[in-house]
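The values are calculated or read from the model by the stated rules, or taken from the named source; none is laboratory data. Remember, predicted model here, so these are calculated numbers, not experimental data. Quick reminder, even Gly has a Cβ in these numbers, built from the backbone with ideal geometry, and neighbours come from all protein chains shown.
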Amino acid sequence: MLKLCGFAASNYYNKAKFALLEKGIPFEEVLVWGGTDPALKGKSPLGKIPYIEDGATIVSESQAVVEFIEAAYPGHPLIPKDAGRASKVRELIMFTEFYIEWEARRLYSEAFFGGKVSDDLKAHVGKRLERAAEAFFQLTELTPFAAGDEFTLADCAIAVHFPVVSAATRAIYGRDLLGDPRIKDYLGRVSQRPAMQRILADRKANVALIGERAKLSS
């Protein structure tokens, strides 16, 4: 059985988990925190999660993971067969991760972990996120899903990344830089899917576990 390795508080782990659940693929979750363990680096070169093990195949990096899942398990496809529509799905994922999630990630140390981010960096990131949030709607109208009428891998990415970015920007700027009503409506629709309900419940439990681990180590 395919193994999904990582932890459920990670949005990139949940991107892969969302795809597996939506496609109805049986899989086992293996709790791996990530880090510098040599055994882990043999499976994920930088010790990052998620990664998957499927027989002799080991794949790290979330986009490679979901592309493998899609190719190896073609039932219930999450990428359209049409090349043009498929490219738009991938474009949405790349835009979301490179220009929104990765940009916002520069704020996470202060937003979530008690660190400190300089005022200059906050201002720089804020401007870039506002620009990206506006440009996002040149790619999609979210009606009802990111790539149109069908749920795709683009939704697996957007629906797990945007809530984290929203939480970070509220913590840093006092407002949600992804607070467009169209995004809120879209996330509300996706949150009703059984797969997302499971992801949210598992994420909540894992966040609680992380809190307990932090208390024990302090």
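For this structure, a couple of remarks:
- Boolean, ILE79 is out of contact with any Asp or Glu (no Cβ under 7 Å at 6 or more places or on another chain) and surrounded by 15 or more Cβ atoms within 10 Å (Cβ to Cβ): no
- Members of segment 1-33 that are part of a strand (DSSP E or B) and buried (at least 16 other Cβ atoms within 10 Å of the Cβ): LEU2, LEU4, CYS5, GLY6, PHE27, GLU29
- Enumeration of residues in segment 106-124 that are within 20 Å of the chain's Cα centre (by Cα) and in contact (Cβ under 8 Å) with a residue 40 or more places away in the chain: LEU107, TYR108, GLU110, ALA111, PHE112
- Boolean, ALA72 is surrounded by 16 or more Cβ atoms within 10 Å (Cβ to Cβ) and at pLDDT 95 or above: no
- Every condition in (1) in contact (Cβ under 8 Å) with a residue 40 or more places away in the chain; (2) in contact with a Cys (Cβ under 9 Å, 6 or more places away or on another chain); (3) within 29 Å of GLY211 (Cβ to Cβ) holds for VAL30 except the one numbered (1).
- Some residue of segment 83-103 being among the hydrophobic types (A, V, I, L, M, F, W, C), assigned to a helix (DSSP H, G or I), closer than 20 Å to LEU20 by Cα and over 14 Å from the mean Cα position of the chain (by Cα): yes
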